[in-house]
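Before any comments, here is the structure.
The values are calculated or read from the model by the stated rules, or taken from the named source; none is laboratory data. Since this is a predicted model, take the numbers as computed values, not measurements. Cβ sites come from the backbone with ideal geometry, for glycine too, and all protein chains shown count toward neighbours. Side chains are part of the model used for accessible areas, which takes the heavy atoms of the whole protein and leaves out ligands, DNA and RNA. Shrake-Rupley method; radii C 1.70, N 1.55, O 1.52, S 1.80 Å.
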Amino acid sequence: MEWIVEGATRILAADGLTGLTTNRVAEVAGISVGSLYQYFPNKDAIVVAIIERAQRETVAAVEAVAAQVQGAPLADSVAALVDLAIAAQYDRSRLAAALDHEEQRLELGAALAPGHERVRAAIASVIGGHLPPETPDLVLEAADDLFLLVRSMVDHAGAAGLPRDQTRRRVLRAALGYLEACRRTDR
């Protein structure tokens with residue numbers, strides 16, 4: 001089944017949603033459409049499998065970066081997370097946009113919540129030591145905000161065709177400015 005998901009991912013990355021058909025997926029996977037339907041009842045089921053796999057990869061990557069940057073200066077830690085987001089957007093922009101769109105269309109929020117929670121916890125572990133220790137709620141709130149800020153800015157910049165280095169500089173400035181404001185927050 002993984003080879004089907006991989007083939008479908010390649011199609012989605014190259015041709016977008018319009019190129020992703022069950023006939024094309026079966027062709028790329030080297031199986032008949034009937035065999036494909038034994039694994040996936042429809043195109044949406046294939047898309048869900050792609051999204052779930054992408055989320056597993058994202059969670060693993062964020063957790064790996066979080067583990068690598070433990071104890072590093074805040075700017076270096078945030079830069080590592082920003083670089084990860086930029087790579088995800090810029091290296092496979094068509095795929096990233098399609099998956100974002102389909103995640104919303106298929107209303108997968110509840111199904112993907114455990115993965116989002118792991119990303120939140122990883123980000124919180126990166127920034128937590130740099131925020132006031134008496135504000136644990138602020139750390140989780142800041143982790144959520146940082147994720148949204150970075151993702152939104154990187155997605156928009158990628159869609160607008162901004163160069164990576166310019167995007168990186170702008171996103172880092174915004175993220176670090178936000179975290180500095182969190183440091184000064186009275187709670």
Sole exception among (1) of a type outside the set (S, T, N, Q); (2) under 11 Å from the mean Cα position of the chain (by Cα); (3) open to solvent by 70 Å² or more (accessible area, probe 1.4 Å) for V154, by number: (3)
Matching residues in the range 97-107 (touching a Gly at 6+ places or on another chain (Cβ under 9 Å) and open to solvent by 20 Å² or more (accessible area, probe 1.4 Å)) number 2
Complete set of residues in the range 100-115 that are in contact (Cβ under 8 Å) with a residue 60 or more places away in the chain and under 13 Å from the mean Cα position of the chain (by Cα): H101, L112, G115
With criteria (1) in a helix (DSSP H, G or I); (2) open to solvent by 60 Å² or more (accessible area, probe 1.4 Å); (3) of a type outside the set (A, V, I, L, M, F, W, C), D145 comes up short on (2)
Given (1) at pLDDT below 95; (2) within 20 Å of P163 (Cβ to Cβ); (3) touching a helix residue (DSSP H, G or I) at 6+ places or on another chain (Cβ under 6 Å), index of the condition A98 fails: (2)
Filtering the range 14-44 down to residues that are part of a helix (DSSP H, G or I) and open to solvent by less than 30 Å² (accessible area, probe 1.4 Å), which residue is modelled with the lowest pLDDT? G16
Restricting the search to the range 56-93, which residues are open to solvent by less than 20 Å² (accessible area, probe 1.4 Å) and small (G, A, S)? A66, S77, A79
How about the range 109-138: which of its residues are open to solvent by 20 Å² or more (accessible area, probe 1.4 Å) and either touching a Phe, Trp or Tyr at 6+ places or on another chain (Cβ under 9 Å) or of a type in the set (A, V, I, L, M) (or both)? A110, A111, A113, H116, R120, A121
